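Got a structure for you, written out below as structure tokens; questions coming shortly.
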Amino acid sequence: MRCATTAPAPTAGGGYGGWEDDDNQRGYERDETDQFNRLVQQLVAEGDDRAAGAGRRARRTLAEMAPDQSRQPVLRLTRPLTFTPTAQAGPVAGGACTSCSGVGGKVVDTSEGGVTRQTWHSCIPCGGTGVAR
């Protein structure tokens, strides 16, 4: 009498081919997660028992773990930057750009043959802001 199996037979290479890969892609199976949850519950129960045996209670929240301490500030990997000019600004810096007279660019007309073509070209020295650098 032969037993029917649901798993395919191993291939010549020793594995189950694509069937095993498909199974691995599905993630953990229910019995694996149930085992993990039981293990965590067991560890929690053991910790509670040990704390009770020592006359204490297991801490569960951040407030319970550090009741008399304030939380640490957020770590900043850089210090605040401050700008200190090394030389006095000239009369042009911060004023209107001398190349575009503060308008940020110019209209270039390439119309011909009765067709009107006008395009806006940003000023390169001020980057289109109209303010001298």
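Could you rank 111, 101 by how accessible they are, 1.4 Å probe, largest area first? Could the numbers behind the result be given before it?
Numbers: 111 50, 101 95 Å².
From most accessible down to least: 101, 111.
Stretch residue 58-residue 108 to full length: gain in nm at 0.36 nm per residue minus the Cα-Cα span? It would help to have the intermediate numbers written out before the result.
Details: separation 50, 0.36 × 50 = 18.00 nm, distance 7.61 nm.
10.4 nm is the gain from fully extending residue 58 to residue 108.
The values are calculated or read from the model by the stated rules, or taken from the named source; none is laboratory data. Being a predicted model, the structure only gives us computed values, none of them experimental. We work out accessible area using only protein heavy atoms, side chains counted, and drop any ligands, DNA or RNA first. Shrake-Rupley method; radii C 1.70, N 1.55, O 1.52, S 1.80 Å.
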